[in-house]
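For reference, the structure is listed below as structure tokens.
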Amino acid sequence: MAACSRSRLQPKVLRMPERDDDLSPTLAETARRRADLRDALVEVEQASSRPAVGREPEWTKEVLLRLEGLAHAIDEHIQITEQTEGLYDEISAKAPHLATKIDALREEHPVLRERTTALITRLQTTPIGPAWPLHDARDDLQRLLGQIVRHRQLGSDLVWEAYNLDIGGIE
């Protein structure tokens, strides 16, 4: 009976420490930037979900503003992960067996940046209407957000494998 009850216990999950000084400076900054990226994702989703029919120019302006914020958050994410002595260098030194996963995440960065920039450009140049129906614009935005969410999930998995530390799914 005791063995059975032990198997029902939840595995111990190490969460982000309460104080940043318990982390390396790079990991602490990565966690802060991760939260910023999540917030930017939520802001784009909220803006794109607001009523747009009959107020397409206002909707476009709000979505564009939030999408530009997301582009900035993506740039900051790329900076902290890819810079010299950034997260990827730190993980490579700590867990060299994760190099393939780091390379895969690194390869996604230009795609995320390009897709975000392309949507910003399209919102600036193509009015919502016959050439780009609202439902298509929202679908394009949701596909981008989904790709970024997936990237964040893979990044979280990478940090878990390297540090056995949960950097947060819900900040």
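The values are calculated or read from the model by the stated rules, or taken from the named source; none is laboratory data. Just so we're clear, the structure is a prediction, and the values are computed from it rather than from any experiment. Ideal geometry is used to build each Cβ from the backbone, glycine not excepted, and the neighbour counts take in all protein chains shown.
Restrict the check to the stretch 92-107 and report whether at least one residue is without any contact (Cβ under 8 Å) to a residue 12 or more places away in the chain and closer than 29 Å to Trp59 by Cβ. Spell out the reasoning first.
Taking the stretch 92-107 and keeping what is without any contact (Cβ under 8 Å) to a residue 12 or more places away in the chain, we get 92-93, 96-97, 99-100, 103, 107.
Checking which are closer than 29 Å to Trp59 by Cβ leaves us with none.
Within the stretch 92-107, none of the residues are without any contact (Cβ under 8 Å) to a residue 12 or more places away in the chain and closer than 29 Å to Trp59 by Cβ.
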Practice prompt. State whether the residues of the stretch 143-153 include one that is buried (at least 17 other Cβ atoms within 10 Å of the Cβ), charged (D, E, K, R) and either within 15 Å of the chain's Cα centre (by Cα) or at pLDDT below 95 (or both).
Written response: yes
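What residue, of Ala31, Ala52, is within 28 Å of His109 (Cα to Cα), of a type in the set (A, V, I, L, M) and either crowded, with 18+ Cβ neighbours inside 10 Å or at pLDDT 95 or above (or both)? Break it down into steps so the answer makes sense when it comes.
Working: Ala52 fails: within 28 Å of His109 (Cα to Cα).
Being within 28 Å of His109 (Cα to Cα), of a type in the set (A, V, I, L, M) and either crowded, with 18+ Cβ neighbours inside 10 Å or at pLDDT 95 or above (or both) holds for just one of Ala31, Ala52, which is Ala31.
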Worksheet item: Taking the stated definitions as given, is Leu67 in contact (Cβ under 8 Å) with a residue 60 or more places away in the chain, buried (at least 16 other Cβ atoms within 10 Å of the Cβ) and among the aliphatic types (A, V, I, L, M)?
Response: yes
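Based on this model, can you work out whether Ala40 counts as under 23 Å from Trp132 (Cβ atoms), surrounded by 10 or more Cβ atoms within 10 Å (Cβ to Cβ), at pLDDT 90 or above and in contact with a Leu (Cβ under 6 Å, 6 or more places away or on another chain)?
Details: under 23 Å from Trp132 (Cβ atoms): yes; surrounded by 10 or more Cβ atoms within 10 Å (Cβ to Cβ): yes; at pLDDT 90 or above: yes; in contact with a Leu (Cβ under 6 Å, 6 or more places away or on another chain): yes.
Against the criterion (under 23 Å from Trp132 (Cβ atoms), surrounded by 10 or more Cβ atoms within 10 Å (Cβ to Cβ), at pLDDT 90 or above and in contact with a Leu (Cβ under 6 Å, 6 or more places away or on another chain)), Ala40 qualifies.
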Worksheet entry | Lone unmet requirement of (1) part of a helix (DSSP H, G or I); (2) of a type outside the set (A, V, I, L, M); (3) in contact (Cβ under 8 Å) with a residue 12 or more places away in the chain for Glu114 | (3)
Item to complete: Please specify each residue of the stretch 52-70 satisfying the condition of being closer than 15 Å to Asp136 by Cα and more than 18 Å from the chain's Cα centre (by Cα).
Response: Ala52, Val53, Glu56, Trp59, Thr60
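May I ask you to say which residue of Ile102, Ile74 is assigned to a helix (DSSP H, G or I), of a type in the set (Val, Ile, Thr), at pLDDT 95 or above and within 18 Å of Ala35 (Cα to Cα)?
On the way: Ile102 fails: within 18 Å of Ala35 (Cα to Cα).
Only one candidate qualifies: Ile74.
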